[in-house]
């Protein structure tokens, strides 16, 4: 008996391969641009000695992690009913199976 359906394993594997492959050009471009900006003198090196916690907080603030989390959550909440309705019996007419599938998916990801 398998714990996950085979299509789920296949999609997880594709996700694990395709996301880094598609993000690699962006990451390389950003690192190249940052290095070039440092060599041209556009970025000043920090002279103040900050603690690690202060550096992490500053980086999270610059990245706007809260905003990214809100946007990611909103996209997930928009796509979740569409995905669940497609896989449920009778589609949009069956309400409880959508909730049951969401609970099962959440349990499988959390535990």
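The values are calculated or read from the model by the stated rules, or taken from the named source; none is laboratory data. Since the model is a prediction, treat every value here as computed from it, not as a measurement. Every residue, glycine as well, gets a Cβ built from its backbone with ideal geometry; the counts of neighbours run over all protein chains shown.
Observations on the structure shown:
- Every pair of residues 6+ apart whose Cβ atoms lie under 6 Å, when the first sits in the range 1-20 and is modelled with pLDDT of 65 or more while the second is surrounded by 10 or more Cβ atoms within 10 Å (Cβ to Cβ): none
- All conditions in (1) modelled with pLDDT under 85; (2) on the phi > 0 side of the Ramachandran plot; (3) within 19 Å of the chain's Cα centre (by Cα) hold for residue 82, with the sole exception of (2).
- Residue match in the range 87-107 (condition: within 18 Å of the chain's Cα centre (by Cα), at pLDDT below 70 and assigned to a helix (DSSP H, G or I)): yes
- Some residue of the range 63-76 being touching a helix residue (DSSP H, G or I) at 6+ places or on another chain (Cβ under 8 Å) and either surrounded by 11 or more Cβ atoms within 10 Å (Cβ to Cβ) or modelled with pLDDT under 75 (or both): no
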